[in-house]
1. So, restricting to helices (runs of 4 or more DSSP H) that lie completely within segment A:156-257, which ones have at least 1 residues that are touching a residue at least 40 places away in the same chain (Cβ under 8 Å) and either within 28 Å of A:ALA108 (Cβ to Cβ) or of a type outside the set (Phe, Trp, Tyr) (or both)?
2. Can you find, within segment B:378-430, the residue that is farthest from B:ARG297 (Cα to Cα) among those that are charged (D, E, K, R) and surrounded by fewer than 17 Cβ atoms within 10 Å (Cβ to Cβ)?
3. Only one of these conditions is not met by A:GLY196: (1) buried (at least 24 other Cβ atoms within 10 Å of the Cβ); (2) more than 14 Å from chain B (Cβ to nearest Cβ); (3) within 16 Å of the chain's Cα centre (by Cα). Which number is it?
4. In the set A:ARG84, A:ARG138, A:ARG58, A:ARG89, which member is over 25 Å from B:LEU265 (Cβ atoms), within 14 Å of chain B (Cβ to nearest Cβ), of a type in the set (Lys, Arg) and surrounded by fewer than 18 Cβ atoms within 10 Å (Cβ to Cβ)?
5. Could you tell me which of the residues B:GLY164, B:GLY155 is buried (at least 23 other Cβ atoms within 10 Å of the Cβ) and not assigned by TED's automatic domain parsing to the domain that holds B:ALA289?
6. Mind listing just one residue for me: the one in segment B:213-260 that is within 26 Å of the chain's Cα centre (by Cα) and within 12 Å of another protein chain (Cβ to nearest Cβ) and, of those, farthest from B:ALA173 (Cα to Cα)?
7. Are there helices (runs of 4 or more DSSP H) fully within segment B:169-284 with at least 2 residues that are surrounded by fewer than 24 Cβ atoms within 10 Å (Cβ to Cβ) and modelled with pLDDT of 95 or more? List them.
8. Inside segment A:217-243, can you point out the residues that are of a type in the set (Gly, Ala, Ser) and open to solvent by 10 Å² or more (accessible area, probe 1.4 Å)?
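The values are calculated or read from the model by the stated rules, or taken from the named source; none is laboratory data. Every value quoted in this text rests on a predicted model; they were computed, and no experiment measured them. FYI the Cβ positions are ideal-geometry reconstructions off the backbone, even for glycines, and counts take in every protein chain you see. Just the protein is used for accessible areas: all its heavy atoms, side chains included, with ligands, DNA and RNA removed. Shrake-Rupley method; radii C 1.70, N 1.55, O 1.52, S 1.80 Å.
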Amino acid sequence: MFDLNNLATLAVSALLTGGLYATMSYGLALVYGVMKIINLAHAATMMLAAFTVLTLFRAFHLDPIIGSVVILPLFLVAGMALYRVAVGRVAAVPIASLLLLFGVWLVAQNAAYLIWGSEDQSILTSYTYSTISLFGVRVAVTRIIPFVLSLVMLGALRWFLGSTDLGRAIRAVSQDKTAARLAGIHAEQTAMIAFGIGTMLSAFAGGLLTLIFSFTPDFGGTFQLKSFAIIVLGGLESFPGVLAGSLVLSSAESFSILIPGWRASLVNLLAFGLLVATLVVFPGGLASLAVHRARKTAE
Amino acid sequence: MRIQTIGATTLASLFVAAACGGTAAPSSAPGASAATTAAQSAAASQAAPAVIKIGAVLPLTGPFNASGKYFQQGYDLATKEVNDAGGLDVGGKKYQIKLSVLDDGSNGTKSRSLVEQLVTQDKVTALLGGYDTSLVEAQQAVPDQYKIPMVEGGGAASAIFTRGNKYLFGTLATVDVLGSNTMDFLKYWIDKGKLPKPLTIAVVWENTDHGKDYQGAVEKAAKDHPDYFKVVLDQSFELNGSDFTPLLTQVKAANADAFLSDAHLPDFITMHKQYLQLGLKHKFVSYGARGPDQKGREALGAGADYLVAGVWWTPAQPDKASQDFTAKWKKAYNVTPDWFQALSYETARVMYAGISKAGSLDGTKIRDALAGIDFTGSILPGGHIKFDPTGKPLTKYVFTQNLPGNKVNLVWPQGVEGYKDAIMPLPMGQ
């Protein structure tokens with residue numbers, strides 16, 4: 001039943017969906033890496049970004065890709081403000097920060113219902129149905145864009161965290177806040193900026209998702225859960241791990257359809273099954289596995 | 001002391017006025033007698049119209065709030081029409097309808113408790129149902145528990161009518177009927193030679209009662225008519241899917257003639273976009289009740305052209321009743337109605353007709369009247385609303401086909417006013 005072309009379609013789909021998932025997960029990974037808190041407002045950020053891009057599209061005919069870039073400073077400042085006003089005060093108490101960010105999610109959802117209503121919204125562009133041929137497989141342009149951008153984002157994050165003073169400060173704070181302070185780093189300010197950048201990355205993903213999905217104020221919940229699974233699978237503080245985790249999840253989702261008797265409706269079972277398996281078998285995720293193997297090889 | 005006496009007398013007057021049940025304001029003159037106040041109250045109550053209380057619990061906030069508001073508008077319009085015409089005739093006496101609508105916030109638990117509140121505290125005579133199958137199912141135990149009839153137009157799963165309810169009636173044709181009507185439609189075009197025989201079908205369905213109804217009807221038709229239909233793929237999918245490519249690749253590999261899907265609006269939009277992006281083609285494509293909805297057409301543009309859908313009502317229906325309703329709705333709310341508004345309007349109208357037919361405000365008598373009602377002059381396809389012994393509606397679907405330029409044709413049943421032959425097979429499938 002499945003010929004070579006169909007198998008190639010599944011492989012390409014896995015690759016592109018992996019890129020999409022990675023784009024969605026970098027923001028969550030950064031916030032966890034620095035502050036060790038799970039950002040339950042991640043879905044709210046993606047949703048608000050989607051609606052902001054929609055508003056810009058309708059008011060100014062601004063392309064969603066450009067809109068996703070234009071909104072970045074707004075969400076950087078909003079993230080920093082949220083940290084300054086609320087998150088920073090409870091960051092030391094994990095349960096309090098979880099509840100706070102969950103509350104932010106609910107408030108944002110209800111505000112979105114009031115402002116934009118509950119009807120499904122979507123954006124139709126001149127290239128929505130455009131496709132190119134990739135390894136003989138027809139692929140939508142709107143799927144390639146998030147994939148390419150996920151690689152760009154990964155490169156940019158690695159450069160930023162490795163080669164800039166602020167990036168190194170963020171890494172220092174994520175490793176040991178006290179030691180970072182002793183080294184003269186303003187830990188609180190660094191954490192605030194990191195939260196702002198994490199929010200900005202989530203918003204970028206939310207804007208790009210308007211190319212593919214329709215959305216309501218409920219949007220983002222399922223993606224947030226998948227992002228949790230991905231950052232756990234990838235290794236909570238590793239960005240290459242996030243990309244690897246995304247590809248593992250997307251491949252499992254894509255190729256599961258080949259299992260005789262498999263129901264496509266069980267696809268979420270895969271994400272959460274992988275989450276549980278990772279926590280039980282190798283809690284450090286794929287990144288820790290890679291580090292462990294590298295050390296063994298060096299020995 | 002004098003002030004205390006005046007105050008006490010005024011308070012006593014107020015209590016007497018309330019006890020008489022009148023709407024007259026209490027006398028403000030110090031020392032007014034209780035007898036005068038009582039007389040004023042009695043006179044006032046004779047002039048006040050009799051009132052019948054009707055209750056509804058709708059999702060006015062939360063994920064279903066858009067549809068909840070349409071339903072409220074439909075109930076309001078039907079109620080206003082009756083009240084403006086002098087009231088509802090019940091056994092020769094006219095009653096003004098007082099409609100109470102409570103907000104369940106799209107939450108099932110809250111929905112049920114609010115329906116109970118309407119019955120036990122507000123003492124409503126009858127209930128109008130909520131929107132969305134999940135909320136209707138949450139509400140459905142209450143009517144039988146308190147013997148207060150409910151008519152609902154917001155839940156389409158046939159499972160609603162398999163639970164032994166006697167006091168619940170529906171106006172929204174169930175999705176199993178949509179599935180079987182779709183197969184009847186296909187059978188017709190197979191007989192006309194426009195579709196191959198047997199027709200191979202790939203059916204995918206959302207993993208809900210709604211989807212199971214649709215899949216069950218397709219499967220049954222294939223079993224009953226194996227010379228006409230062969231199901232080559234049967235797959236379910238989870239709501240709010242992120243990537244339908246693996247599923248659609250399986251559809252592609254199945255190499256079917258027809259692609260049938262039962263999906264809610266967000267999944268319809270995502271799935272059909274990916275369907276077109278993958279370059280899939282079928283001689284017939286239908287997403288159940290999705291297709292002519294404006295949100296879907298805005299999201300998909302020309303990609304939604306030629307899709308066939310089975311709907312409960314459409315503003316494209318040219319019959320006088322539908323056109324009058326559309327004009328009335330536009331005047332009241334300045335927007336073109338869709339099936340939500342039509343169903344809620346008819347749900348209220350059939351309930352009021354049932355109360356009038358019963359000639360009584362007794363819940364069981366109203367229930368019996370509804371059970372045997374043949375409500376004519378309905379705007380729903382077929383023009384009648386009747387119920388089977390389980391309360392399930394015997395209403396019909398009308399099928400539409402999207403045409404370029406945001407146009408819609410009515411393509412089934414053949415006897416429907418404004419019928420036009422469907423373009424078959426679909427142009428993009430050739």
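1. Hits in segment A:156-257: A:165-175, A:187-209, A:221-234, A:239-255.
2. Looking at the filtered set, the residue picked out is B:ASP388.
3. (1)
4. The match here is A:ARG138.
5. On the way: B:GLY164 fails: buried (at least 23 other Cβ atoms within 10 Å of the Cβ).
Being buried (at least 23 other Cβ atoms within 10 Å of the Cβ) and not assigned by TED's automatic domain parsing to the domain that holds B:ALA289 holds for just one of B:GLY164, B:GLY155, which is B:GLY155.
6. B:GLY241
7. So the answer is B:175-191, B:209-224.
8. Within segment A:217-243, A:GLY221, A:SER238 qualify.
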